[in-house]
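Here is the structure we will look at.
The values are calculated or read from the model by the stated rules, or taken from the named source; none is laboratory data. For clarity, every value in this text was computed on a predicted model and none was experimentally measured. Note: ideal-geometry Cβ built from the backbone for every residue, glycine included; neighbour counts use all protein chains shown.
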Amino acid sequence: MFMEHLSKTDPQMAQLVIQETERQRDKVRLIPSENYVSAAVLEASGSVLTNKYSEGYAGKRYYEGQQYVDEIERLAIQRAKELFGSESANVQPYSGSPANLAAYYAFCRPGDTIMGLALDHGGHLTHGWGVSITGDFFNAVRYQLHPETHLIDYDMVRQMARQHRPKVIMAGATAYPRLIDFAVFAEVAREVGAVLVVDMAHIAGLVAGGAHPSPVPHADVVTTTTHKSLRGPRGGMILMKKVHAKAINKAVFPGLQGGPHNHTTAGIAVALKEAATDEFKAYAHKIVENAKHLAACLNERGFALVSGGTDNHLVLVDVSKKGITGKPFAKAMDRAGLEANYNTVPFDPRPPMDPSGVRLGTPAVTSRGMGKPEMEKIATWMDRVAKSVDNEAELDKISGEVKEMCRTFPAPGISI
Ligand code: DSN
């Protein structure tokens, strides 16, 4: 029986987990930061390792009983270093935000200048946005996209770096559909004496699979979540040059965190093993192929795409050209079984709570084995949704069709 023990102890919770499982099974999940982990990753993440405290690092802990946890953490570190070709790795950050905070804490003091991509141009909250601690405790300056191309304005990056002399330059994004030129960032950082931190959370799986250029040779420090395109459990990781290992490790523990989440570390290690396979390489390339095809199909159906298309796993659609706004469209999509999130587009005149765009991604649908024909169906459904945002009957009809398609693409880790 599915979740036999939870069902007995807490039927209410079991029911909610079952409902969420069915939701993930029956919907087309297009949020670019989400995925389906394998059953093996689920097993490791749901193991007795959650019972253990392990403050410190392997061989230097503050609690006894680390015979196996040390080995687990060493294994995760070794696999991370091998997969990404990095000199050092820390697998303890609880997620991407703490990983970024650790990177700043390793090199900056309150009031120091940091520089990152503006949130409303595709950056993350922790890249120095005002409402985040990173914009509050540091003097954050923000570069933007070019107003015409909607690509990162590298001239602006250089000019702002020269003007503000940031301690840390953050490269990376949460809503940027194009390749990032890490070599340019490295050149700018060297010129102004800044530490280059790349947040590769969204593209980590693509980098692992060779479907996006790696930031590792260029950056001093690379932060990532482990649960997006990399397809691991929810967690974080920092890769760094050896020279920075001491500062980063100290910033993570004892600087910011207590005991690492050992069950997550084990899940990360399993995901890293999976990501080193040829099958995963093919998966990473397929994510990009699917995203490009989805973008082309949307284009054909009159959707306006930020930067005109995509090079990675993500498509940013400006739905205002269809006479609608992001929030009602994302809600109607969800009603129709297509899960996305509303998102600002560059230079958006609309507020973040109902912006002009929706953000789509292909990591999760690709994990289910969907390909070009399914991308075409998704684009067609989206076009129908755009014409029927308030038409419940039509949204219900689409939802039935989506569910029918999902039946033929079993989701990894989901067995009901
Ligand atoms: N919430 C993540 C995303 O969706 O991109 C970033 O933290």
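Odds and ends about this structure:
- Selection within region 8-44 - among the charged types (D, E, K, R) and within 16 Å of the ligand (Cβ to nearest atom): 29, 34
- Those strands (runs of 3 or more DSSP E) of region 182-271 in which at least 2 residues are among the polar types (S, T, N, Q) and out of contact with any Ser or Thr (no Cβ under 7 Å at 6 or more places or on another chain), considering only elements entirely within it, cover 221-225.
- Residue 364 passes every criterion in (1) of a type in the set (A, V, I, L, M, F, W, C); (2) without any contact (Cβ under 8 Å) to a residue 24 or more places away in the chain; (3) surrounded by 19 or more Cβ atoms within 10 Å (Cβ to Cβ) apart from (2).
- Selection status of residue 14, under 30 Å from residue 411 (Cα atoms) and at pLDDT 95 or above: yes
- For region 258-281, the set of residues classified as closer than 16 Å to residue 74 by Cβ and among the hydroxyl-bearing types (Ser, Thr, Tyr) consists of 264, 265, listed by residue number.
- Residue within region 66-80 that is assigned to a helix (DSSP H, G or I), under 21 Å from residue 220 (Cα atoms) and among the hydroxyl-bearing types (Ser, Thr, Tyr) present: no
- Cross-chain or 6+ apart pairs with Cβ under 6 Å, region 156-185 first and under 23 Å from residue 34 (Cβ atoms), then charged (D, E, K, R): 172/199; 175/359; 178/311; 179/311
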